[in-house]
Amino acid sequence: FLLDKSDKYDTRDVERLQQDDKWVEDYLIWRHDVVDDTLKMIDESFQWRKEYTVNDLTESVLPKWLFESGAIFLHGYDKEGYKLFWFRVQLHVRDAKQQLEKKKLVAFWLEHYAKRDHGKPLTVVFDMSETGISHIDLDFVRFIVNCFTDYYPNFLTKIVIFEMPWIMNAAFKIVKGWLGPDAISMLKFTNKNEVQDYISGEYLPPHMGGTDSFKYSYPPLVDDDFQTPLCENGPITSEDEHESKEEIDTDTKEAGDPNEEQNLNPKKMNSVEQIHKSEEQTDKTDLKPKNTKKALTTFKGPLLHISPAEELYFGSKETGERKCLIGLTNVTKNIVAFKVRTTAPEKYRVKPSNSSCEPGASLDIIVSLHGGFAASLQDRFLIMAAEMDQGSGAGASELTQFWKEVPRTKVMEHRLRCHVLESSKPSTLTLKENAFNIPAKTNEDLHIQLTRLLQINKRLQEQIDRCLWFQQLLVVLSLLSVSTAAFCFYLVYTQRS
């Protein structure tokens with residue numbers, strides 16, 4: 001199928017489809033596992049991606065004024081932990097000459113986020129406060145809708161429309177006609193009293209009833225998870241005085257004791273030896289969470305393999321699970337420096353948060369909740385890694401200088417989300433198996449569970465159908481038996497008469 005129309009597609013998309021099972025799965029899920037509909041969507045989206053040169057969209061190829069306008073940007077999270085994709089409608093003006101560039105800006109943001117956060121779905125917010133007819137561009141709205149319904153599979157959670165003027169009702173009746181039944185169910189019309197049903201006040205601007213002081217500006221390009229430098233550890237409180245003060249991030253001090261690095265760096269050993277040793281010592285050390293096992297999912301980056309691949313699992317206040325591990329394995333032939341940053345530095349302590357990993361070695365990063373704080377779905381962690389030159393020192397001062405000088409293009413970044421386990425749910429740290437013996441709650445695992453549930457449901461339905469058939473057969477046989485018996489009695493009675 002793909003080879004027949006290879007001239008219509010970007011070869012990079014074809015190669016990715018052949019290698020990325022998650023992408024294929026997203027297309028199938030979005031088209032309800034109907035193969036013909038899935039192939040049609042792939043065909044249309046791939047042709048669109050080539051027409052809009054999606055793989056080559058960068059800041060440099062788009063006009064600077066588009067970014068400066070602030071009409072479209074990514075910022076914050078909804079209550080379910082999904083990234084918010086903002087459209088400030090009052091800043092949009094219809095202009096046919098600028099239409100293509102604006103559409104490419106939408107594609108730029110979608111592709112930027114899809115690559116950065118591995119395709120985790122978005123929540124779209126249309127902020128329609130203080131808008132009028134002059135701001136509505138149905139062609140542009142239709143393009144946005146098509147991006148989610150036809151081009152980016154399984155990439156939309158909901159569309160939150162804030163304070164839509166009554167005069168726009170007719171226009172949005174047209175928009176609803178473009179949406180399928182699944183997408184229509186995702187529309188959420190809200191005002192200042194209702195919007196917090198979907199988005200908490202910390203990510204809503206004051207005019208929407210929130211407390212978010214975020215002000216969009218460009219340059220630089222908004223890196224919404226980590227817009228400003230954050231310290232990597234929370235302060236030490238009285239309850240933690242028994243722990244070593246070495247847990248304070250050396251990077252926040254800009255310098256530190258070079259001897260401390262000896263405690264942070266693992267000994268040189270091959271990966272197999274390190275894994276076995278790590279598992280043997282897990283329950284023997286007080287620094288690591290007790291009764292934990294290695295995460296089952298791994299992100300395989302060019303410098304580091306990182307486990308878990310997507311989410312850190314913390315317990316709720318009821319469960320008391322307040323620590324988890326991030327496993328790093330250096331897959332290069334040089335020392336790799338790494339840093340861990342968080343969007344909520346007041347909540348978490350990370351050890352080590354700024355260190356290095358020897359070639360072929362593995363180490364664990366301990367992430368623990370601080371004080372009385374609880375983990376949130378909106379919390380994020382960023383792991384930054386860069387390869388150091390041979391012979392470079394790995395002490396605190398050398399690492400500080402290294403991060404000041406290393407080019408951004410040579411830094412590998414990987415983001416992790418937080419997942420809060422309720423008291424009734426199993427923890428991936430203790431790896432308690434669920435009813436289907438599937439310990440991890442990744443998107444892939446949930447899809448497998450759903451498939452198994454459907455199979456089980458089908459088998460149960462078949463069994464029920466068989467039972468109903470036997471029931472009906474028994475009823476028919478019973479009626480025949482009764483009829484036969486009655487006929488026999490009738491014959492006997494007539495003969496005697």
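A few remarks follow.
- Cα centroid separation, segment 109-183 to segment 347-379: 37 Å.
- Cα→Cβ-extended label distance, 7 Å offset, between Asn169 and Leu477, nm: 6.4 nm
- Probe 1.4 Å, accessible area per residue of segment 302-360, Å²: 30 Å²
- Rolling a 1.4 Å probe over the protein chains gives Ser69 an accessible area of about 50 Å².
- With DNA, RNA and ligands ignored, accessible area of Phe299 (1.4 Å probe; Å², nearest 10): 40 Å²
- List Glu202, Glu130, Glu59, ordered by accessible area with a 1.4 Å probe, largest first: Glu130, Glu202, Glu59
- The charge dipole of segment 11-54, taken about its Cα centre with unit charges on the Cβ atoms of Lys, Arg (+1), Asp and Glu (-1) only, comes to about 200 debye.
- From the largest down, segment 71-224 spans 34, 32, 32 angstrom on the principal axes of its Cα atoms.
- Counting only Cα atoms, segment 11-54 measures 28, 19, 12 Å along its principal axes, largest extent leading.
- Think of a 1.4 Å ball rolled over the protein heavy atoms: segment 57-208 then has 42 Å² of accessible area per residue.
- Sulfur and carbon atoms: percent of accessible area, segment 5-50 [1.4 Å]: 49 percent
- Pairs with C-alpha atoms separated by more than 18 Å, drawn from the list Lys333/Lys410; Lys83/Lys188; Lys79/Lys173, are Lys79/Lys173.
- Whole-Å semi-axes of the ellipsoid equivalent to segment 1-158 (Cα gyration tensor, √5λ, descending): 27, 18, 15
- Here segment 57-208 has 53 percent of its accessible surface on carbon and sulfur atoms, given a 1.4 Å probe and all protein chains in place.
- Cα centroid separation, segment 2-51 to segment 394-417 (Å): 36 Å
The values are calculated or read from the model by the stated rules, or taken from the named source; none is laboratory data. Just so you know, these numbers come straight off a predicted model, no measurement behind them. Here Cβ is always computed from backbone atoms with ideal geometry, including for glycine, and neighbour counts include all displayed protein chains. Heavy atoms of the whole protein, side chains included, go into the accessibility calculation; ligands, DNA and RNA do not. Shrake-Rupley method; radii C 1.70, N 1.55, O 1.52, S 1.80 Å.
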